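Before any comments, here is the structure.
The values are calculated or read from the model by the stated rules, or taken from the named source; none is laboratory data. Just so it is clear, the model here is predicted, and its values are computed rather than measured. Don't worry about glycine lacking a Cβ; one is built from the backbone with ideal geometry, like all the others, and counts go over all protein chains shown. SASA here: full protein model, heavy atoms, side chains in, ligands and nucleic acids out. Shrake-Rupley method; radii C 1.70, N 1.55, O 1.52, S 1.80 Å.
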Amino acid sequence: MTSKFLPARELKKCYSVMGHFYDISLDGAVHLNCRSSLEILSLVNADDFRDVCRGLPDAVFIMMNPGSSRPLDKLPSSIRDIRAISDRKTFVKTRPDTTQYQVMRVMARLGWQHVRVLNLSDLREPKSSVFSSRFQSIEASHGYTAHSLFSPIRTPELTRELHRKVDAPLICAWGVSPKLESLICAAAPVLRDAGTCRGLLKVGTSDRYFHPLPTLQKDKVAWVDELCKELGRGL
């Protein structure tokens, strides 16, 4: 266990990232690039990445959306029906982003070997302001809510993704933007039914959890420190 704020170059030596990516088209016109789940694995236990991805994680993080995460390997074919993705999941090596490095720092601090990252929405968009307007436009124009794992049509998939080790925490870290209201309202009660939600709550709220990647470096360090304290595992 370490208390240092490890740089990305060191984290890359310790962890590998695998993701399930898919593309989907709406009405033959709007093309969506998506990622449904991400597995962060200790290299010590990642001899066969795909077998490990099917294992039970030490924790499940729920964040806003996949951000700038992108696959390093060739993607499988696009799908037409969102209900098919959980039956055809193919994990590929993934380029980690700065948010995932924050998760790795928590893993290093707490000695975790496997963490699963889910999101309020599968839409891949690095700019949060663009993401908010985009998912709202898609829902309004196409009536498409299945970009979210918490859409009722994806309940069987969500149930499988939330399966984890006994006492493994559910860690909410989707941010505090009011533009996420509809997504948070759909996700929060489902997660509470699945277990105790942990994370760094904004004062005066019950479901607004601070995102792992605040702007200032000192706040990035503080997020890791405070989350580890919240999880009751020390530094």
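Summary of values
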{"read-out": "Those lysines that a straight Cα-Cα span of less than 29 Å connects to LYS12, excepting residues fewer than 8 apart in one chain", "value": "LYS4, LYS74, LYS89, LYS93, LYS127, LYS165, LYS218, LYS220, LYS229"}
{"read-out": "Estimated [θ] at 222 nm from DSSP helical runs (n ≥ 4, -39500 (n - 2.57)) normalised by residues in the chain, nearest 500", "value": "-9500 deg cm²/dmol"}
{"read-out": "Span per principal axis, largest first, for the Cα atoms of the chain (Å)", "value": "50, 45, 32"}
{"read-out": "Longest to shortest principal axis, alpha-carbon extents of the range 145-235, angstrom", "value": "40, 34, 22"}
{"read-out": "The chain - share of DSSP beta bridges that are antiparallel (%, nearest 5)", "value": "70"}
{"read-out": "Protection proxy ranking of 165-177, 101-113, 189-201 - average other beta-carbon atoms within 10 Å, highest first", "value": "101-113, 165-177, 189-201"}
{"read-out": "Protection proxy ranking of 28-41, 212-225 - average other beta-carbon atoms within 10 Å, highest first", "value": "28-41, 212-225"}
{"read-out": "Solvent-accessible area of PHE210 with every protein chain in place, 1.4 Å probe, in Å² to the nearest 10", "value": "90"}
{"read-out": "Scattering profile of the range 79-193 at q = 0.18, 0.23 Å⁻¹ [log10 I(q)/I(0), Debye over alpha-carbon scatterers]", "value": "-1.18, -1.67"}
{"read-out": "HN-Hα J in Hz across the range 56-71 - Karplus 6.51, -1.76, 1.60, θ = phi - 60°, x for Gly and Pro", "value": "8, x, 6, 6, 10, 9, 10, 10, 6, 7, x, x, 9, 4, 9, x"}
{"read-out": "For ASP207, net neighbour charge (Lys/Arg +1, Asp/Glu -1) across residues whose Cβ lies under 13 Å away", "value": "+3"}
{"read-out": "In order through the range 151-158: 3J(HN,Hα) via Karplus (6.51 cos²θ - 1.76 cosθ + 1.60), integer Hz, x for Gly, Pro", "value": "5, x, 5, 10, 4, x, 5, 4"}
{"read-out": "Cβ-placed point charges (K, R +1; D, E -1), dipole of the chain about Cα centre in debye, nearest 20", "value": "540"}
{"read-out": "Segment SER137-THR159, length gained on full extension (0.36 nm per residue, minus Cα span)", "value": "5.2 nm"}
{"read-out": "nm² value of the averaged projected area, convex hull over the Cα atoms of the range 121-163", "value": "3.3"}
